[in-house]
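Novice: Attaching a single structure in structure tokens format; questions to follow.
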Amino acid sequence: MATRLKDVDAVVIGMGFSGAILSRELTKAGLNVVGLERGADRNPAEEFTLTRLRDELRYVARLELMQDNSIDTVTFRNAPDELALPIRRFGAFLPGEGVGGTGIHWGALHWRFLPTDFRIRSALAEKYGAKAIPDTMTIQDWPVSYDELEPHYDRFDKLCGVSGQAGNLRGKVIAGGNPFEGPRSDHYPNKPIKTAAGPAMFSAAATSLGYHPFPIPTATSSAPYVNPEGITLGACEYCGHCNRTACEANAKASPNVNIMPVLRSEPKFELRTRVFVTRMIYDREAKRVSGVVYTDMKTGEEYEQPAGLVVLSSFVFGNTQQLLLAGIGEPYDPKTGRGVVGKNYCYQFEAGGEAFFEGREFNPFMGAPGMATAFDDLNGENFDHSGLGFFGGGYVACINGGAPPIGGRVLPKGEPRWGAGWKQAEAKWYRCNTRFNTQGSVYAHRDNFMDLDPTYRDALGRPMIRLTYNATENDHKMSRYLVEKLDAVVKAMNPTHYALHNRPKNFTIVPYQSTHCTGGTIMGTDPKSSVVNRYLQAWGAHNLFVQGASVFPQQHGYNPTGTLGALAYWSAKAITEKYLKSPGPLVQA
């Protein structure tokens, strides 16, 4: 039997970016907050140090910072009529585990969605007619606008010390930035980080073809910076070891570096790590959650933590699983289209390639993922889709983000893959290549969803989350269009060799593609079409606020973290300025 603990004002499940932001804002409002994290504590002073972080085998190959599949995983299938099997080792996507979550090992590309993204169904219907949207495409407008979120985007930019070039400052288009972005209220906190040789060549080629390239905004400080929490960030050292690990210079933003130092010294905050929340305690009649039950993974003891407010801020899979287990909201049924929990799982549809320039040095062993240029002309509704046969789009980019010795090598087609010839080819081409990517949207489809697996259970006896997902015809058409446009830009760069790669027909759980998973607990205007309202408050439990990318109605052509952070501040403001004064539904159903 679980040991009942003393009541607290709020409990936060999951200590990634959203959990850390909500914990910080709630303690500032005077609440006593307990943060629960099922992974280890990760303190930069102890763990983000040299030479420890320069270990590609440990972090990139053996996935030190990722979720432990031996305790909990996801079962996967491509279609509803297939048998789902457990993912024994994450590959296509890499959920993080421990304090900081996926916010530690991300590449830190930092985007805002387009204003039209937030009203995409209405925008498509107005431009192409409502009948042009396929019945199977279950996209919907967000219940919040870009203008409403903009102050919170700005706040998250400053928390992270984002480096970039504004393209639209208070409605005025600025040369050198992204001319398609929504109006910004302020510049980025830092100037763009350095541009590598490959992206500079890409920028010139894209400009010659009429596109509008700009340096990709990145949550990596280009210079020493003090964020609004009073935390000093270092400048990027272009070490080449950003992906799948942390940053010893404290230049790449993470919850651990940008928020946790002030939370750790906050008397109203208590952090408990290696505690696995097995369920939320739901009072259906009262429409509220009275607390959570968790298992201390260090001792095996079970505890009940009562709380007046519950913030659910784990990864997409965890958020959806907790709601299904608690019975909050109607589970989604793809056969009838009824229900909402688990609906509209979306991914990111990426395709790219590489080009080789004989005799030209690119120094790929150094750099940062943000040392990249992109053009946004083919994203969202930035271009006319008439006659193209698809909706959506994405940005097109060239990246010299560091090519580590194990995973950072590519060769032109036809070069040997083994023996002395392979060694000679690696020595010849390693320093002479640059890479490309198209980061495409995924518009929700009725057959892509999550539910509880009827067969497999995790180490604590709970049904695993079952993911049913495959790429759609719309996704493939959109992606092939982007790759076709990229091909013209690469040719204009005049490489010695190059290759571009379209996505295979069916999604596979290997190799790595993107950790940009969204949906499952989507936000909307009513309980029939969504799990949470515009303030991320659950329709079925007024003291439960669900955070993270699981609330996205669909995935647009950008990395999700910028919008995830903005939504966290938006929701925190509603809780502290409205809900705490008058607890109850903030939006009437």
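The values are calculated or read from the model by the stated rules, or taken from the named source; none is laboratory data. Note that the structure is predicted; figures quoted are calculated from it, not measured. Reconstructed Cβ throughout: ideal geometry from the backbone, glycine too, with neighbour counts over all protein chains shown. Calculation scope for accessible area: heavy atoms of the full protein, side chains included, ligands and nucleic acids excluded. Shrake-Rupley method; radii C 1.70, N 1.55, O 1.52, S 1.80 Å.
Novice: Please label the shape of the range 252-337 as rounded, prolate or oblate, based on the square roots a ≥ b ≥ c of the eigenvalues of the alpha-carbon gyration tensor (a/c under 1.5 means rounded; beyond that, a/b larger than b/c means prolate, else oblate).
Specialist: Prolate, since a/c reaches 1.5 and a/b exceeds b/c.
Novice: Separate question: Long-range amide H contacts for Y498: which residues qualify at under 5 Å (H placed 1.01 Å from N, peptide plane, sequence gap of 5 or more or a different chain)?
Specialist: Result for Y498 returns F356.
Novice: Where only protein heavy atoms count, and the probe is 1.4 Å, what is the accessible area per residue for the range 492-566 in Å²?
Specialist: 30
Novice: Determine, from the Cβ-Cβ distance of K428 and D147 and an R0 of 60 Å, the FRET efficiency 1/(1 + (r/R0)^6), rounded to the nearest 0.05.
Specialist: 0.70
Novice: Give the lysines reachable from K191 as a straight Cα distance under 21 Å; neighbours fewer than 8 places away on the same chain don't count.
Specialist: Answer for K191, where 21 Å is the Cα cut-off: K158, K172, K252, listed by chain and number.
Novice: Also, quick follow-up: Can you work out the Karplus-derived ³J(HN,Hα) for every residue in the range 263-279? Use 6.51 cos²θ - 1.76 cosθ + 1.60 with θ = phi - 60°, whole Hz, and x for glycine or proline.
Specialist: Ordered by residue, 3J(HN,Hα) equals 5, 4, 9, 8, x, 7, 10, 10, 9, 10, 10, 6, 10, 10, 6, 8, 6 Hz.
Novice: Before I look further, what does the range 252-393 give for accessible area per residue, probe 1.4 Å, in whole square angstrom?
Specialist: Value returned for the range 252-393: 35 Å² of accessible area per residue.
Novice: If you take the beta carbon distance between L388 and N506 as r and set R0 to 25 Å, what does 1/(1 + (r/R0)^6) give as a FRET efficiency, to the nearest 0.05?
Specialist: 0.60
Novice: Then there's this: Sequence-distant or interchain residues sharing an amide H contact under 5 Å with L452, placed H: which?
Specialist: Residues meeting the amide H criterion: R466.
Novice: For a test of the definition: using alpha carbon positions, the gyration tensor, and the 1.5 limit on a/c, classify the range 199-326 as rounded, prolate or oblate.
Specialist: In terms of gyration-tensor shape, prolate.
Novice: For the pairs K6/K578; K343/K491; K413/K477; K127/K528; K335/K485, note any where the Cα-Cα span goes beyond 31 Å.
Specialist: Long pairs (Cα-Cα over 31 Å): K343/K491; K335/K485.
Novice: Between helix 419-429 and the chain, what is the angle of the helix's C-alpha long axis to the longest principal axis, kept within 0 to 90° and rounded to the nearest 10?
Specialist: Roughly 90 degrees between the two axes.
Novice: According to the square roots a ≥ b ≥ c of the eigenvalues of the Cα gyration tensor, what is the shape class of the range 329-412, taking rounded for a/c under 1.5, prolate for a/b larger than b/c otherwise, and oblate for the remainder?
Specialist: prolate
Novice: Here's a follow-up. Report the net charge of residues surrounding C239, where surrounding means a beta-carbon distance below 9 angstrom and charges are Lys +1, Arg +1, Asp -1, Glu -1.
Specialist: Cβ neighbours under 9 Å give a net charge of -1.
Novice: Now, a different point. So which aspartates and glutamates pass the test for K505, namely a Cα distance under 15 Å, with those fewer than 8 places away in the same chain ruled out?
Specialist: E350, E473, D475
Novice: How much of the accessible area of the range 321-416, in percent, comes from carbon and sulfur atoms when a 1.4 Å probe is used?
Specialist: Exposed carbon and sulfur together represent 51 percent of the surface.
Novice: Count neighbours as other Cβ atoms within 10 Å of each site's Cβ, and list the trypsin sites (Lys or Arg not before Pro) in the range 447-526 that are DSSP loop with at most 12 such neighbours.
Specialist: Taking the range 447-526 and a limit of 12 other Cβ atoms within 10 Å, the loop trypsin sites (Lys or Arg not before Pro) found are K505.
Novice: On C-alpha positions alone, give me the angle between the axis of helix 316-326 and the longest principal axis of the chain, in degrees, nearest 10.
Specialist: Its long axis makes an angle of about 20 degrees.
Novice: For the chain, what is the relative contact order in percent, using Cα pairs closer than 8 Å and at least 6 residues apart in sequence?
Specialist: Worked out over the chain, it gives 22 percent.
Novice: If you plug each phi of the range 501-517 into the Karplus form 6.51 cos²θ - 1.76 cosθ + 1.60 with θ = phi - 60°, what whole-Hz ³J(HN,Hα) values come out, in order, with x for Gly and Pro?
Specialist: Karplus-based 3J(HN,Hα) across the range 501-517 equals 10, 6, 6, x, 4, 9, 5, 10, 7, 9, x, 4, 10, 5, 9, 7, 8 Hz.
Novice: Could you give each residue of the range 346-352 its phi-based ³J(HN,Hα) in whole Hz, using Karplus coefficients 6.51, -1.76, 1.60 with θ = phi - 60°, and x for Gly or Pro?
Specialist: Listing the rounded values in order: 9, 10, 10, 9, 10, 8, x Hz.
Novice: What residues qualify as long-range amide H neighbours of R279, i.e. H under 5 Å apart, gap of 5 or more or another chain, H built at 1.01 Å from N?
Specialist: V293
Novice: Between R279 and D333, what FRET efficiency follows from the Cβ-Cβ distance if R0 is 35 Å, with the result rounded to 0.05?
Specialist: Efficiency, rounded to the nearest 0.05: 0.95.
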